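Data first, discussion second: the structure below is written as structure tokens.
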Amino acid sequence: MNLINAILVGLKEIWANKFRSLLTMLGIILGVSSLVAMSALVKGMENGMKAALIAIGGLEKVRVEDQDIPIWQQHMADQAVGTTMNDVHSLLHSAPLITMVVPEMRTRNVTMTRGSKSISPWNFIGTWPNAVELNQHVVEHGRIFNEVDDENARNVCVIGTAIRDALFGSPEQVGRDIIPVGEFININQQRFKIIGMFEHYESEQDKKARELMKDKPPEVRTGPERAKGYGSKGGSKGSMSGGFVYDLKNNTVYIPLNTMWLRFRAATVSASSSSGNYSRGSSGTSSGSGSGSTSEFLPDPRLSTLSIKVANIDQMDEALQQAKNVLMHSHKGIEDFSFRTQENWSEDIGTAIRNYRMSGGIIAAISLLVGGIGIMNIMLASITERVREIGIRKAIGATFFDVFTQILVESVVIAIIGGVSGLFTSTMLVELLIKLSPTGNTPVITMESMVLAFGFSVAVGVLAGLFPAFKAAKLNPIQALRYE
Amino acid sequence: MALIELRGVSKIYHLGGEEIRALDNVDLDINGGEFISIIGPSGSGKSTLMHILGCLDSPTKGSFKLDGTEIATASARELARIRNQKIGFVFQFFNLLPKLNVLQNVELPMVYAGCGARERRERAMDALRLVEMDNRAKHRPMQLSGGQQQRAAIARALVNSPKIVFADEPTGNLDSHTGETILKLFHELSRQGRTIMLVTHDPEIAAVTPRKIEIRDGKIAKNVDAKLSGQHDGPKFAVGAQVQETA
């Protein structure tokens, strides 16, 4: 008996027991669809997390941060100058594996005011225009400041939408998108012109939630208006999907580097020399005593951070070594800096995804296994029912192999039909998941997961069929013929 | 050379430490074209003999040659092939597969023989014509009477042109009139030169055949060939005196 015949006989047998076969397949269908849907969900999560990682600058972005001087170099502490524009120029000239260098000066305790409204931005940064590219900002309205603005230390700023929301009103409150380009605001009592605004950054989840809110009619409030206590109702969630990254980005103000240096460093140094230098944070060993006298005349030239972009992610190690060599030179051999990459975060994402995939995969695999046990169970019942048939087949010349193949093919055919329908069901299941949780990361069905699930279901069918097929093929024809 | 040669064949079972000799040192020769009945009460060993002759079972001891091939030492796979090619079975309970129609049932031995679809169909229809069942080819076994089912089963047994056809109580499940027509059919087939062996406990049926082999306690008690002794001159469907004596 050839294989096509065996498959036809198997199909006939399955068709003869439609309802029973359907129930048996259901186990495989559910197993396959849950495996595919689980993998699609995890893929969606992975995409969301990776989007957040990219939003903060991607893996290529490396920050050069200040670090305490190592103990064996403490005697040179008064020679440490910190990170300055010197380093920026050195890196640009001498480190070809670094494609972009962005100096940043930050100031805290900044208050921006417009009329009676005020806000303290989380990121108030003096920088170069290329920071927009490095940090994946998009200037949606107006323009970013240019070299002329920087050269002349003009009082211009580019703001994020969170700043606009606080000073001018958010689209949700006002009902329209206010574009404050050309308006004037005060930053620490200095008049600044808004020349540009970034686009509104949000995760895919928040975007979908917002669009959903828009379609819904406003909630009917009952009773007198009152505050309902604290809580995060309506607020964005900073979960693994990295919602905080987007909040941080929206709460950003960029001004030209020189403006920052001259308007804020100069002003703050005289105003707060007693409280130390905030730009250095905890690493005050070098700045504390050494720079005290000069800093009253010249603004502090040190940069808060230096962001660099590595040309090729595969050459991260080489590029960092190159940058380190250059910086060691310009720092007179004093290692008062360190590198911070996004590799850890990326690894965290990888680990989290692996864990999700593992636990979900195990659960789905168990359900597939249960489906396989269902197949084996039904095949055993079916051969018990057909002992006589098997006896007849053997009496008229069926070999061990013929009977074995017949039962095995039946089991595999059930698994294959179940697997194919499972793949169809899985797309519907994923549609359903999207409907049920419209604000979640969109699940993405991957080809690999479908192939894997289908392959697994076929394997389960083969495994489940082996024992019943062996049992049937081993039947003694004489006893099988006598069986009632 | 005889079609079947049994030499010192024994089949021994062990039941709870007790040795049961279902067949005890049987010698038997059967020539091609013979019409034989094996009779004996239940438990006599006639079924065991038929199982061994039908290659469903292997003897414990002795030599069994079918068509010149030694069977006693054949593997299960070879036995399956021999059953398929050289042996046809007709059973008391017809044993047609209920899910297949008559034509498919008759085609089944050829499926295992590996014949092509067209050849299967042609030969199956020929076999059905022989038993006058060609007009019922598309019926399911359940839609047929007992006699019709047995005819279909005979067609299935004949379809691979076997060397010998075994019929195990072929009329046991039929009324006497239908049983008689089935026996007539066997007689007709015998006249066409086929080797047929009826296994029965009923001497009336055994009276139809020229040669009668009686089994008792695993041994051949009587081996009467009417043709040789000149007592048999055609089919008898009535009880003969000589047969009664043996029962």
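Points worth noting:
- With a Förster radius of 41 Å applied to the C-beta separation of B:Lys219 and A:Leu380, the computed FRET efficiency comes to 0.45.
- Stokes-Einstein, applied to the Kirkwood radius of the range A:342-484 over Cα pairs at a viscosity of 1.002 mPa s and 20 °C, places its translational diffusion at 120 µm² s⁻¹.
- Accessible-area loss of 40 Å² or more (1.4 Å probe, protein heavy atoms, chain alone versus all protein chains) is found in the range A:382-404 for A:Arg388, A:Ile392, A:Arg393, A:Ala395, A:Ile396, A:Gly397, A:Thr399.
- Angle between chain B longest axis and helix B:76-86 axis [Cα atoms, degrees, rounded to 10]: 70
- Surface composition of chain A: carbon and sulfur make up 60 percent of the accessible area, probe 1.4 Å.
- Using the empirical formula 2.2 N^0.38 Å as the baseline, the Cα radius of gyration of the range A:160-218 reaches a ratio of 1.34.
- From its DSSP helices (H runs of at least four residues, each -39,500 (n - 2.57)), the protein assembly as shown gives a residue-normalised ellipticity at 222 nm of -14500 deg cm²/dmol.
- Surface share of carbon and sulfur [accessible, 1.4 angstrom probe, percent] for the range B:85-180: 44
- Solvent accessible area, Å² - A:Met428, 1.4 Å probe, full protein context: 120
- For the range B:3-77, the Kirkwood estimate of the hydrodynamic radius, built from every pair of different alpha carbons, is 12.9 Å.
- Paired Rg and Dmax values of the range A:19-78, which use every Cα atom, in angstrom: 26.4, 86
- Heavy atoms of B:Asp217: accessible area, 1.4 Å probe, square angstrom to 10: 130
- Whole-Å distance, taken between Cα centres, linking the range A:28-86 and the range B:137-206: 84
- Rounded accessible area per residue of the range B:13-172, 1.4 Å, Å²: 42
- Heavy-atom accessible area, probed at 1.4 angstrom with all protein chains present, ranks B:Arg136, A:Arg340 as A:Arg340, B:Arg136, highest first.
- Convex hull (Cα only) mean projected area of the range A:42-147, reported in nm² to one decimal: 12.1
- Think of each Lys and Arg Cβ as +1 and each Asp and Glu Cβ as -1; about the Cα centre, that makes the dipole of the protein assembly as shown roughly 1700 debye.
- The lysine pair tally for chain B, using Cα distances under 19 Å and a gap of 8 or more places or different chains, is 22.
- Among the DSSP helices (H) of chain A, those spanning at least 30 angstrom by Cα along their long axis with an average Kyte-Doolittle hydropathy of 1.0 or more are A:18-55, A:400-436, A:447-473; this is a geometric and hydropathy rule only.
- Out of every Cα-Cα pair that the range B:1-147 contains, those further apart than 22 angstrom amount to 52 percent.
- Contact order, relative form, for chain B: 26 percent (alpha carbon pairs under 8 Å, 6 or more residues apart, mean separation divided by residue count).
- Label point distance in nm, B:Ser161-A:Tyr483, each placed 7 Å from Cα along Cα→Cβ: 3.5
- Computed over the range A:1-102, the Cα gyration tensor eigenvalues convert (square root of 5λ each) into semi-axes of 68, 16, 14 Å, ordered from largest to smallest.
- Its Cα centre serving as origin, the range A:326-466 has a Cβ charge dipole (Lys and Arg +1, Asp and Glu -1) of approximately 420 debye.
- Across the options B:Ala226, A:Leu408, B:Ile52, the greatest Cα extent toward the positive end of the charge dipole of the protein assembly as shown (unit charges at beta carbon of Lys, Arg, Asp, Glu) belongs to B:Ala226.
- Reciprocal mean inverse distance between Cα atoms of the range B:69-185 - Kirkwood radius, Å: 14.5
- Accessible-area value, A:Phe401, 1.4 Å probe, nucleic acids and ligands omitted, Å²: 120
- Largest to smallest accessible area among A:Val62, A:Val139, A:Val451, A:Val81 [probe 1.4 Å]: A:Val451, A:Val81, A:Val139, A:Val62
- Interface area, A with B, accessible, probe 1.4 Å, both sides summed, Å² nearest 100: 2000
- Gained length - A:Lys474 relative to A:Ile4, 0.36 nm times residue gap less alpha-carbon distance: 166.9 nm
- Chain A, relative contact order in percent, only Cα pairs under 8 angstrom and at least six apart counted: 33
- Residues losing 10 Å² or more accessible surface upon assembly, the range B:75-102, compared with the chain by itself, 1.4 Å: B:Arg77, B:Ala80, B:Arg83, B:Asn84, B:Phe89, B:Phe91, B:Phe93, B:Asn95, B:Leu97, B:Lys99, B:Leu100
- Over the range A:404-478, Cα pairs under 8 Å with separation of 6+ residues give a relative contact order of 62 percent.
- Inter-label distance, nm, simple model (7 Å from Cα along the C-beta direction), A:Gln67/B:Asn31: 10.8
- Restricting the calculation to alpha carbons of the range A:1-49 gives Rg and Dmax of 17.5, 55 angstrom.
- With the convex hull constructed from alpha-carbon coordinates only, the protein assembly as shown shows a mean projected area of 53.7 nm² over all directions.
- Normalised alpha carbon radius of gyration of chain B [divisor 2.2 N^0.38 Å]: 1.00
- Cβ-derived FRET efficiency at R0 56 Å, B:Leu15 paired with A:Trp345, nearest 0.05: 0.15
- Ranked by solvent-accessible area (1.4 Å probe, protein heavy atoms only, all chains present), the residues A:Val174, B:Val9 order from largest to smallest as A:Val174, B:Val9.
- In this structure chain A gives 51 Å² per residue of accessible area when probed at 1.4 Å with all protein chains present.
- Remark on the range B:29-65: accessible area falls by at least 40 square angstrom from chain-alone to full-complex state for B:His51, B:Leu56, probe 1.4 angstrom.
- Against the rule of thumb 2.2 N^0.38 Å, how large the Cα Rg of the range A:150-191 comes out: 1.33
The values are calculated or read from the model by the stated rules, or taken from the named source; none is laboratory data. Values in this document were obtained by computation on a predicted structure and should not be read as measured data. Neighbour counts are summed over all protein chains in view; Cβ atoms, including those assigned to glycine, are modelled from backbone coordinates with ideal geometry. For accessibility, only protein heavy atoms count, side chains too; no ligands or nucleic acids. Shrake-Rupley method; radii C 1.70, N 1.55, O 1.52, S 1.80 Å.
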